[in-house]
Each structure stands twice: as structure tokens, then as C-alpha cells.
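Right, one structure below, let's go through it.
All of the numbers you see were taken from the coordinates with simple rules; none came from a lab. Keep in mind the model is a prediction, meaning the values are calculated, not measured. Cβ placement follows ideal geometry from the backbone for every residue including glycine, while neighbour counts extend to all protein chains displayed.
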Amino acid sequence: MGRSWTNKNEMTKITYTIETLYHFSCQKCKKWWTIGDPFWTSYKTMTCPHCGKESKLERTGITPGAGFSDEK
């Protein structure tokens, strides 16, 4: 197997994006799901896609961005 050498002037870019995901857990059926669409945040209730139970939304867990900063 040979090595592949690249001239610095010919270096390609690696691009990336940041994605925000919201994870939900149903207290009735204990199953979970994820939504990446921020437009649901105006909802007061949500229906579990697994069991169909409509429930009030309550945020738990970490604060968004907590512990993920490059700042010292």
C-alpha cells in the first residue's frame, strides 16, 4: 500500500454544520424519540409517536451549551 501525498496548495476543505436535536421520553410507554426541527418549541403539549399519549412538555437535563464551550 502506498502513501498519498498532497501539496498544501491543493488541500481540500472539510466543512461542517452544527445540529441541534431535541430528545423526548414518554413517561407512559418509556420510549424516546428525537426532533431536529426548532418550530415545535411553541407547543405546550406533545403526542408520543409510539403510544399516542398527549402530555405536557417539561424540560429536564443539561442547559443547552453547558460544558460544550471552547472557552477556558
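Would you mind counting up the charge near LYS44? Only other residues with Cβ under 14 Å from its Cβ, with Lys and Arg at +1 and Asp and Glu at -1.
Details: positive: LYS56, ARG59; negative: GLU54, GLU58.
Net of charged neighbours comes to 0.
Between THR20 and THR60, what length in nm is gained on full extension when 0.36 nm per residue of separation is reduced by their alpha carbon distance?
12.8 nm
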